[in-house]
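Reviewing the structure listed below.
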Amino acid sequence: MAAEQRIGVYPGTFDPVTNGHVDIIRRAAGVVDKLVVAVAINAGKNPLFTLDERVAMVRQETAAMTENGIASRIEVRPFDNLLMDFTVSVGARVIIRGLRAVSDFEYEFQMAGMNARLNSAVETLFLMASDRHQFISSRFVKEIGRLGGDVGHFVPPRIAKRLVERFEQERKAGGGAVKLRQTFRDGPADPDG
């Protein structure tokens with residue numbers, strides 16, 4: 001009798017996908033047989049990118065994960081319903097959440113408890129952010145980028161380019177007067193230099 005495939009769901013808004021998200025995706029794919037990255041519509045957060053744009057960005061980044069066949073075990077899907085309903089609909093038994101700091105824990109602990117009440121057959125697995133990614137959040141990345149800062153240390157190069165383009169559009173539309181630096185072309189600066 002064949003073992004049941006372990007399917008996990010890693011949900012988030014991914015607005016934008018950060019190096020921290022990419023790290024959790026890569027590590028989560030090593031824990032489950034199949035990982036579904038669930039991109040939430042989450043209109044309440046007033047996302048910078050549309051749902052379709054966010055799904056495309058996450059797909060682009062996960063497709064680049066060629067080591068050990070990881071990309072072939074990752075599926076990126078949008079969702080706009082209750083996370084537990086989505087999780088069950090894809091046959092998953094695990095929800096994966098990343099924790100950056102103690103401040104994340106209280107919220108995530110409450111969410112895990114609520115999800116367990118909704119469906120006790122689905123477990124929540126917490127992965128601690130790698131030390132070099134603990135401080136990264138999509139919200140801070142957007143704030144830094146919107147004010148003209150270099151986001152190349154916090155997001156993959158393709159995402160940095162998309163952010164610069166989006167903020168340039170906002171600036172031209174009257175959303176800000178800061179001329180954005182485009183240092184992403186050369187990659188992030190040496191953090192030690």
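Summary of computed values
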| read-out | value |
| --- | --- |
| Mean Cβ count within 10 Å, highest first, over the residues of peptides 93-100, 67-74 | 93-100, 67-74 |
| Heavy-atom SASA rank of Lys172, Lys45, Lys34, Lys142 (probe 1.4 Å, accessible area, largest first) | Lys172, Lys45, Lys34, Lys142 |
| Hydrodynamic radius by Kirkwood, which averages 1/r over all alpha carbon pairs of the stretch 12-79, in angstrom | 12.0 Å |
| Mean accessible surface per residue for the stretch 1-158, computed with a 1.4 Å probe while every protein chain stays in place, in Å² | 52 Å² |
| Carbon/sulfur fraction of accessible area - the chain, other protein chains in place, 1.4 Å, % | 54 percent |
| GNM flexibility winner over the chain from Leu51, Leu125, Leu147 (Cα, springs under 10 Å) | Leu147 |
| Rounded to 10°, Cα long-axis angle of helix 157-170 versus longest principal axis of the chain | 60 degrees |
| Å³ per residue enclosed by the Cα convex hull of the chain | 133 Å³ |
| Protein-only accessible surface order, largest first, of Asp15, Asp80, Asp85 at 1.4 Å | Asp80, Asp85, Asp15 |
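The values are calculated or read from the model by the stated rules, or taken from the named source; none is laboratory data. Since the model is a prediction, treat every value here as computed from it, not as a measurement. With ideal geometry, Cβ positions are generated from the backbone for all residues, glycine too; neighbour counts draw on all protein chains shown. For accessibility, only protein heavy atoms count, side chains too; no ligands or nucleic acids. Shrake-Rupley method; radii C 1.70, N 1.55, O 1.52, S 1.80 Å.
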